[in-house]
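Below is one structure, written out as structure tokens; the observations come after it.
Derivation of every value follows stated rules applied to the coordinates shown; laboratory data play no part. Remember, it's a predicted structure, so these values are computed and weren't measured experimentally. All Cβ positions, glycine included, derive from the backbone under ideal geometry; neighbour counts span all protein chains shown.
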Amino acid sequence: MDFLTLFAIYVVVVLTCIALVCKYSGQQQTPFSLLFNCISRLAGPFTPQWLQRLLQRSLHTLFHQRNSMFICLHLLLEAAVYAEFTYEVFGFCREMDTALTSLSVPYVLLAVKSCFFYLCIKKDPGTLTKKRVSAQLQIYPYDRKLFHPGVSCPTCQLVKPARSKHCRVCDRCVHRFDHHCVWVNNCIGARNTRYFLLYLVSVCAMAGDVALLTADMLLHAVLRSGLLRASYMDERGQQQQAGPLFVIQHLFLTFPRIVFMLGFLIFVFFLLAGYATFHSYLALVNQTSNEWYKSRGYVCRHCHPDASAAADHPSGPDTTHHPKRHFYSRGWFRNLGEIFFPLRPVLKKDN
């Protein structure tokens with residue numbers, strides 16, 4: 001089995017794991033939890049108790065408590081990419097007479113991304129407090145599908161405004177809760193969604209620009225070497241024309257770090273571009289990812305009569321045959337304006 005085949009298998013396995021994470025995120029029972037429980041049962045008799053407790057405590061701290069480990073990992077990967085780009089790609093591009101303006105764009109995007117990244121980490125997402133909750137109750141009406149009046153948070157002991165949710169990781173209720181992002185170690189809510197969207201866009205632009213400059217450098221290296229017109233002797237002693245696979249394998253052997261960096265950047269670009277597109281769509285229709293996930297389980301009992309008994313709610317029957325799909329949407333432009341200029345309660349003036 002040659003190097004390219006092994007690398008292709010590795011890429012397929014990684015992409016499959018990421019697809020499973022995206023599909024089963026937020027669910028209690030997942031293939032990962034089942035696999036981990038199975039491994040724990042099999043290895044339990046042979047593993048010391050102290051090691052089992054240490055692993056459980058580490059996993060709980062990593063995924064169920066606020067910590068800066070993913071921020072450090074983010075900065076480490078970013079530093080590795082820019083160190084390789086500066087150390088090797090930048091010099092090759094200067095030899096090819098690439099404009100200095102083009103080569104400076106990745107560093108400008110890095111500064112912009114770092115600014116939004118910092119704001120995502122430091123900005124309060126819209127935490128519910130005793131002083132704020134009365135005002136936040138006025139901002140959004142209850143849709144009586146996903147959010148109902150009179151519901152209190154058992155942990156915070158506060159009445160929950162519409163579109164709010166208690167984050168188990170941060171141990172607080174957040175207004176217009178979207179999700180908890182481990183990469184910024186913060187919740188994404190009413191007051192920092194704008195920075196999160198701009199952060200995603202800037203990361204995509206940064207990865208895409210560095211990938212384009214790197215791919216251009218490798219393409220010029222191939223054209224200058226004349227590999228496309230070369231030939232080689234195969235294992236049977238026959239002369240073969242150098243094809244794309246031969247060129248890729250040659251690049252792996254000649255520029256291994258640069259090629260791996262390019263592959264990582266392409267992977268990050270498409271992954272985050274899809275994620276940024278999804279969140280842009282949610283922003284346009286004025287929906288959070290929490291609401292999108294919860295709305296998938298909503299069943300219209302008029303379309304599915306078998307579910308009518310389970311759909312009853314104390315707040316009263318639903319008299320609408322097909323409820324509005326995006327209850328809080330007010331049009332694309334006003335929805336985007338609400339993201340970048342969060343709504344504030346209207347204060348009544350005393351006479």
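Figures for the structure shown
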| quantity | calculated |
| --- | --- |
| Highest-first arrangement of 186-194, 95-103, where packing means the average Cβ count within 10 Å | 186-194, 95-103 |
| Using distinct alpha-carbon pairs, which all enter the 1/r mean, Kirkwood radius of region 135-200 in Å | 12.6 |
| Cβ-based exposure ranking for Trp332, Trp292, in which fewest neighbours within 10 Å come first | Trp332, Trp292 |
| Karplus (6.51, -1.76, 1.60) ³J(HN,Hα), θ = phi - 60°, over region 97-107, in Hz, Gly and Pro reported as x | 6, 5, 4, 5, 4, 5, 6, 8, 4, x, 6 |
| Residue order, fewest to most surrounding Cβ atoms within 10 angstrom, among Val12, Val184 | Val12, Val184 |
| Least to most buried among Lys130, Lys123, Lys165 (fewest other Cβ within 10 Å first) | Lys130, Lys123, Lys165 |
| Label-point separation in nm, Asn67 to Arg132, each point 7 Å along Cα→Cβ | 2.7 |
| Close Lys-Lys pairs in region 59-162, where close means Cα under 29 Å and separation is 8 or more or interchain | 12 |
| Karplus-derived 3J(HN,Hα), 6.51/-1.76/1.60, for each residue of region 152-161, Hz, glycine and proline x | 10, 7, x, 8, 7, 6, 10, 5, 7, x |
| Net charge contributed by nearby residues that have their C-beta within less than 13 Å of Val268 (K/R +1, D/E -1) | -1 |
| Cβ-based net charge around Leu282, under 14 Å, with every Lys or Arg adding one and every Asp or Glu removing one | +3 |
| Separation of the Ser295 and Ala79 label points, Cα + 7 Å toward Cβ, nm | 4.2 |
